[in-house]
1. Going by what's in this entry, would B:VAL62 be described as assigned to a loop (DSSP other than H, G, I, E, B), touching a residue at least 60 places away in the same chain (Cβ under 8 Å), among the aliphatic types (A, V, I, L, M) and surrounded by 16 or more Cβ atoms within 10 Å (Cβ to Cβ)?
2. Which ones in region A:36-53 are more than 7 Å from chain B (Cβ to nearest Cβ) and under 29 Å from the mean Cα position of the chain (by Cα)?
3. Any idea how many residues of region B:353-383 are away from chain A (no Cβ under 14 Å), under 16 Å from B:SER397 (Cα atoms) and either open to solvent by 10 Å² or more (accessible area, probe 1.4 Å) or touching a His at 6+ places or on another chain (Cβ under 9 Å) (or both)?
4. Give me the residue from region A:221-239 that is more than 7 Å from chain B (Cβ to nearest Cβ) and open to solvent by 20 Å² or more (accessible area, probe 1.4 Å) and, out of that set, nearest to A:ALA351 (Cα to Cα).
5. For B:LEU270, are the conditions met, namely being farther than 21 Å from B:GLY399 by Cβ and surrounded by fewer than 22 Cβ atoms within 10 Å (Cβ to Cβ)?
6. Tell me, yes or no, whether region A:318-338 has at least one residue that is without any contact (Cβ under 8 Å) to a residue 24 or more places away in the chain and crowded, with 20+ Cβ neighbours inside 10 Å.
7. Taking only region B:162-179 into account, find how many residues are away from chain A (no Cβ under 11 Å) and open to solvent by less than 10 Å² (accessible area, probe 1.4 Å).
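The values are calculated or read from the model by the stated rules, or taken from the named source; none is laboratory data. Values in this document were obtained by computation on a predicted structure and should not be read as measured data. Cβ placement follows ideal geometry from the backbone for every residue including glycine, while neighbour counts extend to all protein chains displayed. When the accessible area is computed, the model is the full protein with side chains, heavy atoms only, and any ligands, DNA or RNA have been set aside. Shrake-Rupley method; radii C 1.70, N 1.55, O 1.52, S 1.80 Å.
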Protein chains: 2
Amino acid sequence: MKNAIGREIPETISGIAAIKPFAGAFTAVPEMARQAPKVKIIKPTDRKLVDSLVEVFKKIPVTDGMTLSFHHHFRNGDGVVNMVLATAAQLGLKNLTVALSSVFPVHAPIIDHVKNGVVTGLDTNYMSGPVAQAVSKGLFDKPVILRTHGGRGRAIECGQLKIDVAFIAAPAADEYGNLNGVEGPAACGSLGYAFPDAQYADYVVAVTDYLGEYPLSPISIPQTRVDYVVKVECVGDPKGIVSGTTRITKDPVGLKIAETAAKVIQATGLIKNGFAFQTGAGGASLATAAFVRKMMEKDSVVGSFALGGITGYMVDMLESGLFKKLMDVQGFDLEAIRSLSTNPNHLEIGADFYASPFNAGCAVNQLDVVILGATEMDTDFNVNVVTGSDGVIMGGSGGHADAAAGAKVTIIVANLLRGRLPIIVNKVLTATTPGETIDVLVTERGVAVNPLRGDLKEKFLAAGLPVKDIQELKQLAEKIAGAPKAIKTGENIVAVVEYRDGTIIDVVRQVEG
Amino acid sequence: MKNAIGREIPETISGIAAIKPFAGAFTAVPEMARQAPKVKIIKPTDRKLVDSLVEVFKKIPVTDGMTLSFHHHFRNGDGVVNMVLATAAQLGLKNLTVALSSVFPVHAPIIDHVKNGVVTGLDTNYMSGPVAQAVSKGLFDKPVILRTHGGRGRAIECGQLKIDVAFIAAPAADEYGNLNGVEGPAACGSLGYAFPDAQYADYVVAVTDYLGEYPLSPISIPQTRVDYVVKVECVGDPKGIVSGTTRITKDPVGLKIAETAAKVIQATGLIKNGFAFQTGAGGASLATAAFVRKMMEKDSVVGSFALGGITGYMVDMLESGLFKKLMDVQGFDLEAIRSLSTNPNHLEIGADFYASPFNAGCAVNQLDVVILGATEMDTDFNVNVVTGSDGVIMGGSGGHADAAAGAKVTIIVANLLRGRLPIIVNKVLTATTPGETIDVLVTERGVAVNPLRGDLKEKFLAAGLPVKDIQELKQLAEKIAGAPKAIKTGENIVAVVEYRDGTIIDVVRQVEG
C-alpha cells in the first residue's frame, strides 16, 4: 500500500504488530488511555542503593525478552549502555530489545550483542557509526524502529514502546533516587529524553558515579519513580557530549546560506518581541542564529524562548537578554550545562514536553521558526535525514519531524550540492519528515517555497529574496553535477521510519554489504 | 467485621464499591497498574484560553455524574470551588462528586449544592466548618470518603479516585497552561496537592487571575497536562491561607509540652547532622520546633530537610542554615511563598512525592521525627483527628497518618485534658492513625511510649524524662476530669475513614442534629 506521501509501505512487516500508514501530519486521532506502569510499594525502612548492576538484574529480575531503555545525553561519551548490556551478556540473557534514544559510535558493542543473541531489537530516534552501518547491512532479523524524539515520548506514554526497565545514566543521584544532570564529575545537563522512560517504565534504575546528600536538588527525575540506585566508577565522559561542530561555520557558502535564511526569517515578519526559535548545533544553523541575532539586536527585539538541544551560543543569547527563556531537552556543550544549573530562566524539559504529539500541547507547537538540515529533499518537500547518498543509515529524525510539524515556519538550510550530489531529488530515498510540514528550502543558489505557503512566497518576493521554483533549483544542481543515479537497495527491510504520531512514513531497505 | 485495630467495619457501605478492612500499616501489597488518563491531541494552532467557566463546561463537556477535583492551597481564602460549583448549578448539572483535598468554612455553599442535587459525593482529606458539621448530621445520602494527603495521591494514581475534570486554582498561568503558585496577585506558594490531579485527570482546567508570558516559569504544572485556561477576576484571597495560628504558643502548658517533646527528640539521638523533621503549623508544634532549634544551634547540627506544610518559622531555619532543604507541599504563610519563589533549596513537591504509599518511595519515609496533634488517643495509641468531643467532624488526617507511618519517630503532643475532657480514652471515637505508627505521646504530665518501642523507652528513662504508662496518664486525667461519657452516635455512616493504603480504618456515624 502507499501512504499519504506516496511511499510504498508493506502490508506486513516482520516484528511490527500493526502497520498504520502515514496519513498526514495531523490526521491520526488517538482514542486510548495512556500507558500505566506497575504500582509498587516500598516500606519506610527499604533502601534502594545496590552494589552492582548484576545485583539489580537479579533483584528486578531482568529476564529474556525484556525491553531495556536508555537515554543519550552523553552522546558519544556514554558509558552506561555498554555496561548494562555487558551485564546482560554476562548473565546469559537473550532476546532483549534496546530502546536507546540515540545510538552513537561508542555503542559499537551492540553489534556483538546482536550477533550473540543477547539483543534482538533496537528502538531509537537517531543512529550513526558502526551500529547504523551494521543495521543497514541487515544486522537484525527484524527491522529497527526509528522514531522521532517526540514520537518516542508518545510511544512510551501510549504503551507502544513498553519499557520493562529504564536505566538512567545519572550524573548525580541521592540514595533514594532523586536524580539530576547538573552535578557530579560527569554533569551532562538536561536529562529530558529520559523523562518519559522514568515516568512509564515498570522498573527504573539510576546508574550514577556521584551520590549527593538526600534530598538531592534540583530534582530532574524524582525518587517516586526510581527503584534502584547503583554506584559505578564512571557513567560517561562529558567530553563526548560535544559531538560534531558546535561552532559557527566559516565556510563562505555556508555563511551565504545562513545569511539568506536569516533574511527569510526576517521577511516572515516573525522577528519581533516574543520570537520563538529553534536551531540545531551544526555550523550553518548556528551561523543563521548569528545573523538572526544581529537583526534582533538592531531592532531591540526580545525573543520569548529558544528550544531544543541547547548550545553555548543560545546561552549567550539568553544571558544577553535576547531570549527570555531557554527550554532545554539536551545540552550540547559545557556552557549549556553551566547555564542550566545556575539560571532559573533556563528550563529543563522532557521529551514529551518538548515534542510529544499526543498530549495537551508540546513546546514545538509554540515555535515561530525552526532551522533544520537535510541529506535529501524531494520536489514535494519531503525530507530525508535518515540515509546518506549510499543508502546507509547515518542519522535519524531526532526532533526534526517534531519541530517541523510544530513551528509556524520550518526552514531547511542545505547546500545545493551535498558532496557532488544534488540535494533535491525526485523522490527521497527515505522520507523522514513530510513535505506538508516543510515551508522553505534555503540554498546558496536560491530559496524554494512550499506551494502550500503562497503567503510566504509573496513576502519573500516583496523582500527581494531569490525565490525559485524547486524544480528550477533541482535543474540548476543537475546542470552542475548531473542527475544522481538511483541507489540500489535490496528487498529486506532493515528499519521502519515511524512518524511522530505512530504511523509509518517509510521503510529503509538493506544495502549491499 | 473487625479490622486489624478492632474497629467494627460494615461488610457493605452504600456508595463504596469494595470494602477492604485495615490490616496493618504496611500490609496491603498492590498488584495493579497505575491509572492512566485519556490520550489527547492538540494541533499546533489550537488555543487553550477560553472566556468563561461556562464555556469550559460546554467544551469538555462536563456532564451529570462526573467527578470534579480541586486543591486547597488557598485554604479559607479559596474562590475557585464555589465559582465552579455555581457554574455547575447554573448549567443544571446533577450528581457530581467533589474531590477537594480539604474543605474549609469558605466552602459552605457546597451544602446548598448537595441539597439541590448538584453535588452528591464528597472526597476529601480534611474538613472543618459548616460543611463538616452538615456532613456529620447526614448531609449526604452516601458516605463522604476521608483520605490522607498521601492516600489521595495513591487513590488518584491507582484509579480509585478517577477524576473527570481537575480544576486548578492557579495564581499564575500562561495561555498554554504552564502554571505556578508563586506569581500573581494571589500567589499561594506550592501547588503540590494539585499535582496528582493534574497528572491523572482526564481533563485539566486552569483557573487563574494572572496570565504571564509564555513560557511561564517555574513550571509547577506543565502545559502538557492542561487542556483549558480560564481567566477570572480573582482565584482567591491569599490572606485566607493563614488559617489558625502559625505563631509559637505563649500558653505555659503548651510551652511545657513543647519543651518536653524537644527533650524526647534529643533523647532519641536523632538530632545530629542530617536530621529530617516535620512539624505542623500549630502553636505547640512550632514551639517544639523552637526548642529543637536551640538544641541544633547549641550542638551546631545541620539538618537535612524539613517537610510538609511550610511556615515562615521553617523558612527562617532554612535561611539560618539549620536545614539544608525544605520540601513544601503547601505554604502556610507569606514567608513560605516568598522563600519558595526565590530559594532553590526550597523545593515544591507533589502530594504523591510527599506521602503516597504506593510509589517507589515518598518523602515521609525519610523523616526522622514528626510532631503531630490529636483530638483523642486510645490506650493502643490509635489517634483520632477526625471527630471532636461531640462526635462532629472537625478535621481529618491530612498528612497525619502518612507522616506517622513514614517517620522513624512519631510524637503526639497534646494537653492531657482537651477542654475538660481527657485526651486518652479506652477507644477513640474515630480511628485515623493506627497505634502501631505512633511512638510517643507527650503531655504536660508525662510521656507515654508505645510498648512496641522499648528501645525508645530505655533512652527516655536514661535521659531522665517523665516516662509513664499510658494507663497511668489516663487515670491521672480521669482523676481530674472524671471518665468521659461515651458519645452517642446514630447508625447512619456519614463518612468512611480510609487509611493511606486504601483500606478502611474506621467509619464516622451520624450525630444527632
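1. yes
2. Passing the criteria: only A:LEU53.
3. Of the residues in that region, 6 qualify.
4. The residue in question is A:PRO238.
5. Spelling it out, it is not the case that B:LEU270 is farther than 21 Å from B:GLY399 by Cβ and surrounded by fewer than 22 Cβ atoms within 10 Å (Cβ to Cβ).
6. Within region A:318-338, one or more residues are without any contact (Cβ under 8 Å) to a residue 24 or more places away in the chain and crowded, with 20+ Cβ neighbours inside 10 Å.
7. 11
For every residue, the table says whether it meets (1) among the aliphatic types (A, V, I, L, M); (2) under 20 Å from B:GLY309 (Cβ atoms); (3) in contact with a Leu (Cβ under 7 Å, 6 or more places away or on another chain).
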| site | (1), (2), (3) |
| --- | --- |
| B:ARG225 | no, no, no |
| B:VAL230 | yes, no, yes |
| B:ASP237 | no, yes, no |
| B:GLY240 | no, yes, no |
| B:VAL253 | yes, no, no |
| B:LYS256 | no, no, no |
| B:LYS263 | no, no, yes |
| B:ILE271 | yes, no, no |
